[in-house]
1. In the set 203, 184, 178, 174, which member is more than 16 Å from the ligand (Cβ to nearest atom), in contact (Cβ under 8 Å) with a residue 12 or more places away in the chain and assigned to a strand (DSSP E or B)?
2. Please specify each residue of segment 216-226 satisfying the condition of being within 11 Å of the ligand (Cβ to nearest atom) and touching a helix residue (DSSP H, G or I) at 6+ places or on another chain (Cβ under 8 Å).
3. Please count how many residues of segment 18-34 are under 26 Å from residue 141 (Cβ atoms) and touching a helix residue (DSSP H, G or I) at 6+ places or on another chain (Cβ under 6 Å).
4. Just to verify a result, which residue in segment 260-290, among those that are under 15 Å from residue 162 (Cα atoms) and within 10 Å of the ligand (Cβ to nearest atom), is surrounded by the most Cβ atoms within 10 Å (Cβ to Cβ)?
5. Could you figure out which of (1) modelled with pLDDT of 90 or more; (2) surrounded by fewer than 18 Cβ atoms within 10 Å (Cβ to Cβ); (3) part of a helix (DSSP H, G or I) isn't true of residue 312?
6. Could you say which residue among 189, 146, 165 is surrounded by fewer than 18 Cβ atoms within 10 Å (Cβ to Cβ) and either touching a strand residue (DSSP E or B) at 6+ places or on another chain (Cβ under 6 Å) or closer than 21 Å to residue 242 by Cβ (or both)?
7. What number goes with the only condition from (1) free of Cβ contacts under 8 Å to residues at least 24 places away in the same chain; (2) within 24 Å of residue 42 (Cβ to Cβ); (3) under 20 Å from the mean Cα position of the chain (by Cα) that residue 189 does not pass?
Ligand SMILES: Cc1cc2nc3c(=O)[nH]c(=O)nc-3n(C[C@H](O)[C@H](O)[C@H](O)COP(=O)(O)OP(=O)(O)OC[C@H]3O[C@@H](n4cnc5c(N)ncnc54)[C@H](O)[C@@H]3O)c2cc1C
């Protein structure tokens, strides 16, 4: 049974890994010419995603590549002294297992886990999918697949082709997000520096092994701003306008806006769809249920979604009419929870009042100062996302024994090429 996955970031490679482990034949098409290696931004893996990564045998590599950010210095706008916070206590309180890692490192680790068993088509994109599974590409010749999965992010191409325009499913969360790459990370030494004011928050962080740093900007806007997604110079102006006069540090970061090798600007948007599946097509990760970039733990959700989708397809023997609804049922609660948690996190991270600014700084200081037990209890009481990350449970979908056998969903078909040769997959060899 042949499955096409669009997107090779987080959800795509995790899905590809588990599908091949369950015996499916997988092709991944990625628009970028190669795997992105610029770092991207820092993302979080919480307990369920850590457990899945452990089953994949990649947890040591993930831990080795962790950003190493362990302290936060909060500068409330207008305050004389900053607040220093031990981040390990905050993370320890929100989840019993957590790693922060640059997205591109994570993507490479997941890609490596099954690269020998998956066909990757870089520098290409799907242009049409027929109800029968005929797929057309920008470059490659048309081919037929039994199933197609969109793992191509918040602005998913597969979703647009199958479900229609994004505006039908996206809900503006009242805030914007910008990221710049800054030269040199010296002086950060495992510290995240944040300036927090009413309706705006700016921060800078590095990663142990990257020679540069990332500046992250979050700001509120009651209405959606008038700009085209390709009009980068207008986006830069909007960002500069939103942070004008905040602090000399922030001015310095923004001085790099015209020189930065990587600039990202987008609204914080939640996707809300009644269903992620239509016919032979389904969506996974941000493409189907992004709770909002930078505020919603969406990376963990993408990993969990990919694992569950592969597991349900295997359980149903490749019958998508049973597997897709089961996948949607299993993910409904975590997705709903992460949406609520994201809105609450956005409120905390980008305070709407002076009280909120003081509350964020004092709350962080208190949790950091308390011993682990009370700190954890306090955070459980005050943050929805802590409850969510700690309570998300994922069923176990054990892959079949690695003995040679038929392909999943194709009991009559010939044994899978690599298995027939008795060669275990790279992932199997690692486990
Ligand atoms: C600035 C920023 C900060 C973030 N911070 C955090 C954070 O702190 N914590 C956290 O957990 N998450 C964070 N996120 C969200 C996180 O990056 C995503 O949730 C996660 O990467 C989702 O993975 P995904 O694979 O579903 O989608 P994506 O990572 O968006 O990947 C989509 C992939 O599809 C590819 N693609 C796009 N179009 C096509 C096409 N037409 N054809 C083929 N391929 C295509 C893209 O090139 C990309 O490789 C942040 C996101 C952003 C933008």
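1. On the way: 203 fails: more than 16 Å from the ligand (Cβ to nearest atom); 184 fails: assigned to a strand (DSSP E or B); 178 fails: more than 16 Å from the ligand (Cβ to nearest atom).
Criteria check complete, one pass: 174.
2. At the first step, the residues of segment 216-226 found to be within 11 Å of the ligand (Cβ to nearest atom) are 216-218.
Those that are within 11 Å of the ligand (Cβ to nearest atom) and touching a helix residue (DSSP H, G or I) at 6+ places or on another chain (Cβ under 8 Å): 217, 218.
3. 4
4. At the first step, the residues of segment 260-290 found to be under 15 Å from residue 162 (Cα atoms) are 273-284, 287-288.
Of the ones still in play, those that are also within 10 Å of the ligand (Cβ to nearest atom) are 283-284, 287-288.
Working: 283: 31, 284: 34, 287: 29, 288: 30.
The extreme case among them is 284.
5. For residue 312, the exception is condition (2).
6. Details: 189 fails: either touching a strand residue (DSSP E or B) at 6+ places or on another chain (Cβ under 6 Å) or closer than 21 Å to residue 242 by Cβ (or both); 165 fails: either touching a strand residue (DSSP E or B) at 6+ places or on another chain (Cβ under 6 Å) or closer than 21 Å to residue 242 by Cβ (or both).
The match here is 146.
7. Evaluating residue 189 over (1) free of Cβ contacts under 8 Å to residues at least 24 places away in the same chain; (2) within 24 Å of residue 42 (Cβ to Cβ); (3) under 20 Å from the mean Cα position of the chain (by Cα) leaves (3) as the failure.
Yes/no matrix, rows are residues, columns are (1) at pLDDT 90 or above; (2) touching a helix residue (DSSP H, G or I) at 6+ places or on another chain (Cβ under 7 Å):
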position	(1), (2)
325	yes, no
340	no, yes
361	no, no
379	no, yes
387	no, yes
399	no, yes
422	no, no
429	no, no
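The values are calculated or read from the model by the stated rules, or taken from the named source; none is laboratory data. These numbers come from a predicted model, not from an experiment. Note: ideal-geometry Cβ built from the backbone for every residue, glycine included; neighbour counts use all protein chains shown.
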